[in-house]
Each structure stands twice: as C-alpha cells, then as structure tokens.
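Since the structure comes first, as structure tokens, the remarks are kept for the end.
The values are calculated or read from the model by the stated rules, or taken from the named source; none is laboratory data. It should be emphasised that the depicted structure is a prediction, and the values quoted were computed from it without experimental measurement. No Cβ is skipped: glycine too gets one built from the backbone with ideal geometry, and neighbour counts run over all protein chains shown. The protein model used for the area step is the full one, side chains on, heavy atoms only, and it has no ligands, DNA or RNA in it. Shrake-Rupley method; radii C 1.70, N 1.55, O 1.52, S 1.80 Å.
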Amino acid sequence: MRLDRLTGRWWATALSTAVGLLALTQQSSAFYLPGIAPHDYKYGDKVDLLVNSLTPSLNADNKLESVLSYNYYDERFHFCRPEGGPKAAHESLGSILFGDRIYGSAFKLTMLKDSTCQMLCKQTIPGKDAPFINDKIMKGYNYNWLIDGLPAATPKVDERTEKQFYSVGFGLGSEAAGQEVPHFHNHYDITVQYHTADKEHYRVV
C-alpha cells in the first residue's frame, strides 16, 4: 500500500477499454454545506464514486460551443454500468434545478487500499455512435465525478503564474494537432486524498 504521509493519499486505478490516459486527483481542501455532515470511513470501507451529467467547457480554441448537458449513462457513450444497472442518488432540489443527474457507478474504491489495473467492462462502440462521442470531445465536454460530495478535479498549471491549481471535472477526451480523430479518455488514474479524524476514522477531503 502506497501512502503519502504529508498529504494523506491513497490510490485506486480502474481501466475500461484502454484508449488514452488521464491523471485525476480530488481537491485537497474541502467544504461542507450547512446540514451536510462529513462521512467517517474506517479502513477497508467502501467509498462510493458517483457520476454526474457530462457538461460542456471551453474547447481547444477557448470557446464554449454548447450549453447542453448529457446523462452519464446516455447509451451513445457506452460507459460501463454497475451490476443491476445504475441507481439514482438522492439529490436536493437545488441540485436538480442546476441540472445534476447523479448516479452510482461501477468503480470500486476501498478506504486506504490500493488497487491497480482493474477492468471495469469491455465495450464495443459502434460506428454510428463514434461521431457523437467525437463531437462532444471536440466541444470540450467534461466528466463530473463525486466522492463523498466532493468533485473530482484535474491538476493544471496556470500559464501566467506557473502555479498548479485544480480544475473541477476532466475532459471526455482530447485532441491534438495532426490527429484525424480525438482520443477518448477511458483509462483513469484516480488519487483520493483523506484526513485522519482519529485513530480509526478517515474523511475524504
């Protein structure tokens, strides 16, 4: 088990069909809304990773090309589904009004236990759905995941200050000059940061 004593991190890696590679980490600072208590985990407890709607962001040309969001389990994406099918998470009225559509996922994370190279499922994407996915990648659509109510985020570096910061969400895929088609991100490297509440309890931060 790999642990970073200074930041309190543990790693869990999950793979579906291996196309593209993306590093993902959660934010190192946390906040809790009034009335929402943090969840205490013990060693070996299951940590749920929830998935929210895919939303547009600025594309490679720094433009917003869409305002529509898509359900994570839209059949055209062909994402892996949990056993028994995805189940909707409890949402507040405000969350629903903001367009959140949060569901459980097939990811299996366990507090303080590393795992590597886990296959979620195998999917074949038919040719009729490839243009839909490629279009959403080129329009800058983002995955939006949640762990214990906190959003997954991607570490980035500010071009002006050269300082690292965390950007909420991460790209559905990527495109580069010379590529005929964009890369679809479905190989994930997940880092979860935690806080030690006491000798037996831990909180995701």
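What the Cβ-Cβ distance of GLU75 and VAL168 gives, at R0 = 25 Å and to the nearest 0.05, is a FRET efficiency of 0.45.
From largest to smallest, what semi-axes in whole angstrom does region 78-173 give when each is the square root of 5 times an eigenvalue of its alpha carbon gyration tensor? Kindly include the intermediate steps, with their values, before the conclusion.
Working: eigenvalues 112, 87, 67 Å².
Result for region 78-173: semi-axes of 24, 21, 18 Å.
Here the accessible area is traced with a 1.4 Å probe on the protein chains. For region 146-205, carbon and sulfur cover 47 percent of it.
Pull out the extension gain between VAL67 and ASP198, defined as 0.36 nm times the separation in residues minus the alpha carbon to alpha carbon distance; nm, one decimal.
Result: 42.8 nm gained on full extension.
Is there a pair in LYS136/LYS156; LYS46/LYS128; LYS63/LYS108 whose C-alpha atoms are over 32 Å apart, and which pairs would that be?
As for pairs spanning more than 32 Å Cα to Cα, those are LYS46/LYS128; LYS63/LYS108.
Distance between the 7 Å Cα→Cβ label points at PHE98 and CYS117: 3.9 nm.
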